[in-house]
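A quick write-up on the structure given underneath.
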Amino acid sequence: MGSYGYDAAFFKQHKISFLELSSPDGLSKIMVIPAYQGRVMTSTADGDAGNSFGWINYKLIESGEINPQFNPVGGEERFWLGPEGGPFSLYFKNGQEQVYENWRVPAAIDTEAYDIAEQTPSSVKFTKETTFTNASDSELKIGIERTVSLLDREAAAELLGTEIPAELKMIAYGTENTITNRGDNAWTKQTGLPSIWLLGMFNPTPTTTVFIPYDTTGTGRIVNDEYFGKVPSDRLIAENGILYFKIDGTYRSKIGLPAGRAKDICGSYDSDKKVLTLVKYTVPEGPVSYVNGQWGPQEDPFAGDVINAYNDGPTDDGTIMGPFYEIETSSPGAELAPGASATHTQYVMHIQGDETQIAGIVQALFGIELQKIAECF
């Protein structure tokens, strides 16, 4: 358990079909599952014996049960839509109190399979047509396209703008996610705007820290740290343009950065396994509005966060879903005329090996010392 080979055998045993995108040497590969909305279930930088980077809910998958509320099977990059809460929520019905008992994840982003439209050795394109009704009773007919592509070392280095030494193990992939207004009416702020929401679930450890750069000259508060109650200062540090967030899977907490503070890249580092995870995503230029995902009444439904991180832990009754941790990114709300489209692209990379070489990458991208990340908690 913990290796990519174990996870591949697990899904074969339970007769869940998956696609594999692999580098020519077979060391870098990702597992993609059409039945799970084309999500990247997991990946490895060192073949079947290498670390499996995605969190997988083995117990739920083994049970074969389908929960009408939500089926958290896991996976290190999945397609969802926002907003989750507020007057235009896609997860609550009109008039319902926005509490957990009433929350439902729509089947199109939870249990329904996506169709394979195109496939090559290094990429696969999925499509889905569906309809949502939001909490204001606006109907949204949505066409979904999602393309998952494996990146080689040269493409990843060009994307980052820095070298990735050949001695380091690496897996990198990108997903291009497009939604199209298939209805007859425009999507407006008055009726509610959907957004593309990408969530990555990874395995927490006592030696893992999420780090997120923020714009020190930006507007508004630096971080929203009150999703599940304010995050204690021994778990969240804002210092010199970087947020450090403790990831150990023992304390349920979530943070988010608004558009006035967020940059287009963040990461995590596990100092024990010497794994650097990077998440880079598209941030459009010009004034845009991000949907507010917080449950319940809202002062502004379009004052949402661009990027989020979540550390799992016990809920009030002591139960725990994972543990796992998440890094999430969102597109702006899609204000689209009939037939128009919006796209959100994200790249995920895991780089493993010599700490000195990893430190060089972190310094080049973030201007901080790797040791600072490893020792801040």
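When Gln357, Gln363 are checked against the criterion of being out of contact with any helix residue (DSSP H, G or I) (no Cβ under 9 Å at 6 or more places or on another chain), assigned to a helix (DSSP H, G or I), more than 19 Å from Pro206 (Cβ to Cβ) and not β-branched (Val, Ile, Thr), a single residue qualifies: Gln357. Within region 312-352, the set of residues being hydrophobic (A, V, I, L, M, F, W, C), under 21 Å from Phe53 (Cα atoms) and assigned to a strand (DSSP E or B) comprises Ile327, Val348, Met349, Ile351.
Conditions (1) surrounded by fewer than 24 Cβ atoms within 10 Å (Cβ to Cβ); (2) closer than 24 Å to Glu145 by Cβ; (3) out of contact with any strand residue (DSSP E or B) (no Cβ under 7 Å at 6 or more places or on another chain); (4) in contact (Cβ under 8 Å) with a residue 60 or more places away in the chain, marked per residue:
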{"residue": "Glu65", "(1), (2), (3), (4)": "yes, no, yes, no"}
{"residue": "Gln69", "(1), (2), (3), (4)": "yes, no, yes, no"}
{"residue": "Glu76", "(1), (2), (3), (4)": "no, yes, no, yes"}
{"residue": "Gly86", "(1), (2), (3), (4)": "no, no, yes, yes"}
{"residue": "Tyr91", "(1), (2), (3), (4)": "no, yes, yes, no"}
{"residue": "Tyr100", "(1), (2), (3), (4)": "yes, no, yes, no"}
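Can you find, within region 254-277, the residue that is farthest from Thr345 (Cα to Cα) among those that are modelled with pLDDT of 95 or more and among the small types (Gly, Ala, Ser)? In this case the residue turns out to be Ser271. The residues on offer are Lys280, Lys274, Lys246, and the sole one that is charged (D, E, K, R), buried (at least 18 other Cβ atoms within 10 Å of the Cβ) and over 21 Å from Leu160 (Cα atoms) is Lys246. Across region 142-157, the number of residues qualifying as more than 20 Å from the chain's Cα centre (by Cα) and within 29 Å of Leu336 (Cβ to Cβ) comes to 2.
Of the residues in region 280-293, at least one is assigned to a strand (DSSP E or B), at pLDDT 95 or above, under 23 Å from Ile373 (Cβ atoms) and out of contact with any Lys or Arg (no Cβ under 9 Å at 6 or more places or on another chain). Evaluate the following for Ser89: is it more than 21 Å from Met201 (Cα to Cα) and out of contact with any helix residue (DSSP H, G or I) (no Cβ under 7 Å at 6 or more places or on another chain)? Answer is yes for this residue.
Please specify each residue of region 41-63 satisfying the condition of being in a helix (DSSP H, G or I), in contact (Cβ under 8 Å) with a residue 40 or more places away in the chain and small (Gly, Ala, Ser).
Of everything in region 41-63, nothing turns out to be in a helix (DSSP H, G or I), in contact (Cβ under 8 Å) with a residue 40 or more places away in the chain and small (Gly, Ala, Ser).
Return the residues of region 333-363 that are touching a Lys or Arg at 6+ places or on another chain (Cβ under 6 Å), buried (at least 21 other Cβ atoms within 10 Å of the Cβ) and over 30 Å from Ile144 (Cβ atoms); say none if nothing qualifies. If the condition is that a residue be touching a Lys or Arg at 6+ places or on another chain (Cβ under 6 Å), buried (at least 21 other Cβ atoms within 10 Å of the Cβ) and over 30 Å from Ile144 (Cβ atoms), then Gln352 is the only one that fits.
Scoring Ile116 on the criteria (1) of a type in the set (Val, Ile, Thr); (2) touching a helix residue (DSSP H, G or I) at 6+ places or on another chain (Cβ under 7 Å); (3) surrounded by 16 or more Cβ atoms within 10 Å (Cβ to Cβ) leaves a single failure, condition (3). A single entry from Met31, Met1 fulfils the requirement of being touching a strand residue (DSSP E or B) at 6+ places or on another chain (Cβ under 8 Å) and within 26 Å of Asp312 (Cα to Cα): Met31.
Look through region 66-100, keep the residues that are modelled with pLDDT of 95 or more and not in a loop (DSSP other than H, G, I, E, B), and return whichever of them is farthest from Tyr36 (Cα to Cα). Step by step, filter region 66-100, then rank; the result is Gly82. Determine, yes or no, whether Lys141 is among the basic types (Lys, Arg), farther than 30 Å from Ser23 by Cα and surrounded by fewer than 14 Cβ atoms within 10 Å (Cβ to Cβ). The answer is no for Lys141.
The values are calculated or read from the model by the stated rules, or taken from the named source; none is laboratory data. What you see is a predicted model, and the numbers here were worked out from it, not measured in a lab. In this analysis, Cβ positions are derived from the backbone assuming ideal geometry, glycine residues included, and neighbour counts consider all displayed protein chains.
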